[in-house]
Amino acid sequence: MAFNYVLPIRAAQGLLTIIILGLMAYVVNSWSTSADNNFLLFCSIWTILALVYLVVTPGRYPEMAHKYGILAAEAVTMIFWFAGFIAVAVLLTDVGCRDSSICSAAIAADVFAAFEWLLFAATTIMAALHVYRTKDNHSAKHDPAMEIQP
């Protein structure tokens, strides 16, 4: 049996998403006027939905796990995380965060968001390589190596 290399990445993506969701909920509760913080909170919620699609569909609903659908979900999520962590980083430098618990939570969430973007960049590259390798095979639905095995 081959080693499933995507399962640990998906677990890390899920764990980081939950951490960022908690931190950003605290920050948004205090800084409710910033759209950048709200967007990073949205990225966490979007990622939970995207991970449900990316984990469940290849194993349970293979007809819905088309290779272009998986690539689109990965790419959109990666772009959201990139835009979110850059926007919050710019906001934090403009605000001039000092030693407060809200600033510390926002900085921590932004650092975790950067790592989340890196993880989604890696899985997006994997999905793009699968699409490229199977470009002549129109019946290829998804990469079985990226399937989560029970």
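Since every read-out is calculated from the coordinates, none of them should be taken as a lab result. Being a predicted model, the structure only gives us computed values, none of them experimental. As a convention, Cβ positions derive from the backbone with ideal geometry for all residues, glycine included, and neighbour counts pool all protein chains shown.
Here are some notes:
- Acute angle (nearest 10 degrees) that the helix 6-30 long axis makes with the longest principal axis of the chain, alpha-carbon atoms: 30 degrees
- Segment residue 101-residue 60, length gained on full extension (0.36 nm per residue, minus Cα span): 10.5 nm
- Cα shape, region 51-121, gyration tensor, a/c 1.5 rule: prolate
- Read-out P(r) over Cα pairs in 10 Å bins from 0, in percent, derived from the coordinates shown; its label in [x] 13, 44, 34, 9, 0; [y] 7, 13, 11, 9, 8, 8, 7, 9, 11, 13, 4, 1; [z] 11, 39, 27, 15, 6, 1: [z]
- Exposed loop positions in the chain were taken to be chymotrypsin sites (Phe, Trp or Tyr not before Pro) whose DSSP state is not H, G, I, E or B and which have at most 15 other beta-carbon atoms within 10 angstrom. Between these positions, the longest stretch is 6-150.
- Taking 96, 84, 14 in turn, the Gaussian network model of the chain (Cα-Cα springs below 10 Å) assigns the largest fluctuation to 96.
- Each Cα pair under 8 Å and six or more residues apart adds its separation to the average, and for region 6-134 the resulting relative contact order is 35 percent.
- Cα-based helix-to-principal-axis angle, 67-95 vs the chain, degrees rounded to 10: 10 degrees
- The C-alpha atoms of the chain define a longest principal axis, and helix 101-133 lies at about 20 degrees to it.
- For region 1-82, the square roots a ≥ b ≥ c of the C-alpha gyration tensor eigenvalues yield an a/c of 1.5 or more together with a/b exceeding b/c, which makes the shape prolate.
- Net +/- balance of residues flanking residue 41 in space, Cβ distance below 15 Å, scoring K and R +1, D and E -1: -3
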